[in-house]
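Working notes for the structure below.
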Amino acid sequence: MIEKSHLERLRDDRNICAHPTFSDDGSQFSPPAELALAYIVQSANYLLVHPPVKGKVIVQRMYELINEPSFPESEEKAFTLLSSENNLGRVKDSGVRNLAIIILKRIFRDETGISQELLNRLSASLSAIQRMYPVVYEEVVSNKLVGMLSEANDTRLKRIFPFLNLRSELWAKLEHAERVRIEGLINAMDSEEISRYQVARLVELNPEIRNQVLKNRWIKPC
């Protein structure tokens, strides 16, 4: 927005010079050479020197790319791919924010099932966003994740278990209400669901969940 306002000011001054107007005292606006040179430098910096910053057009393309089977499940490879100048290398913060929100919505709001392979790709893309745009990532998970979990039905909320296996740091972002509900889910799950949703694996990573799961009659301490 700052660059936009500067360019609009340059355009207005250019129009004044191209179509002269006179002040009340009859003098004509005529910028000195130094000011004209500054205008040229600013215009070149904004329009010619730096590569263009991509906006919302890139979001849909990146989301489609992440959903492709060819997109890497490895966090390092996903970072290499997404950090390219042709992908997220020069994208506006708003575009990155929208992409991160769309990814979280796919996980916790979409009624369509989600395979482990797709979850791995979505998680790897979030990891890349976290590395490239840490402030944007922190904002999104802090402001959006809890709301999505609170609105999710039990079927969608169960996806939190394999998701936390991939992004264990996000447990700290959950509020007490969501943690209580997750504990309730664990108590209501049978042994087949415990296995399918990788709860036992999460136990090894998260002491708080471990304490709850050890109370469950389907999992015994090692």
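Every number in this text was worked out from the coordinates using simple rules, so none of it is lab data. None of these values were measured; they are calculated from a predicted model. FYI the Cβ positions are ideal-geometry reconstructions off the backbone, even for glycines, and counts take in every protein chain you see.
The 3J(HN,Hα) values that the Karplus relation (6.51, -1.76, 1.60; θ = phi - 60°) gives for the range 135-142 are, in residue order, 5, 5, 4, 4, 4, 5, 5, 6 Hz. Gly and Pro appear as x. In order along the range 79-91, phi translates into HN-Hα couplings of 5, 4, 6, 6, 7, 4, 4, 7, 10, 9, x, 9, 10 Hz, rounded to whole numbers, per the Karplus curve 6.51 cos²θ - 1.76 cosθ + 1.60 with θ = phi - 60° and x for Gly and Pro. Note that the range 54-143, at 4 °C in a medium of 1.567 mPa s, gets a Stokes-Einstein diffusion coefficient of 101 µm²/s from its Kirkwood radius over C-alpha pairs.
For the range 180-187, backbone phi angles converted through the Karplus equation (6.51, -1.76, 1.60; θ = phi - 60°) give residue-by-residue couplings of 4, 5, 5, 4, x, 4, 4, 5 Hz, Gly and Pro being listed as x. For the range 85-186, the average shadow cast by the Cα convex hull is 6.4 nm², which is a quarter of the hull's surface. You can think of it this way: the chain between residue 170 and residue 204 has 10.7 nm of extra reach, that is 0.36 nm per residue less the Cα-Cα gap. Taking amide hydrogens as placed 1.01 Å from N in the peptide plane, the amide H of residue 91 sits under 5 Å from those of 54, each at least 5 positions away in sequence or on another chain. The length gained on full extension between residue 63 and residue 142, counted as 0.36 nm times the residue separation minus their Cα-Cα distance, comes to 26.3 nm. For the range 146-222, the relative contact order works out to 33 percent when only alpha carbon pairs closer than 8 Å and six or more residues apart are counted. Shape summary: the range 146-222 maps onto an equivalent ellipsoid whose semi-axes, from the alpha-carbon gyration tensor, are 18, 14, 11 Å in decreasing order.
Over all other residues within a Cβ to Cβ distance under 14 Å of residue 173, the charged ones net out to -3, with Lys and Arg as +1 and Asp and Glu as -1.
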